Amino acid sequence: MLREIALFGALVPTLLLYFLASILLFVIVDKLIARSGAYSLFWHPPLVRLGLLLCVFSLLVFTTRP
């Protein structure tokens, strides 16, 4: 795993790129779950969405590490 990437002349950590990719995946998964109506089963849907974002981010980081 690279530690830093040069992006437009600035060094950014690779976790930023993982986070941006996980946001894209989260939006897709969130739309699918919202269409199915599964969020109505939970007491606090925004908290479930935050947990889902963290799970997607963690899964992406842990599966791409060497």
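The values are calculated or read from the model by the stated rules, or taken from the named source; none is laboratory data. Remember, it's a predicted structure, so these values are computed and weren't measured experimentally. For accessibility, only protein heavy atoms count, side chains too; no ligands or nucleic acids. Shrake-Rupley method; radii C 1.70, N 1.55, O 1.52, S 1.80 Å.
Ligands, DNA and RNA are left out, and with a 1.4 angstrom probe the accessible area of the chain is 80 Å² per residue. Helical content of the chain, expressed as a calculated mean residue ellipticity at 222 nm, amounts to -22500 deg cm²/dmol (DSSP H runs of 4 or more residues, -39,500 (n - 2.57) each, divided by residue number, nearest 500). Once the Cα-Cα distance is subtracted from the 0.36 nm per residue extended length, the V61 to L32 segment shows a gain of 8.2 nm.
Taking the 1.4 Å solvent-accessible surface of the chain as the whole, the part contributed by carbon and sulfur is 74%.
Which label marks the calculated value of percent of Cα pairs over 17 Å apart, given the options [x] 31; [y] 42; [z] 50? Computing percent of Cα pairs over 17 Å apart and matching it to [x] 31; [y] 42; [z] 50 gives [z].
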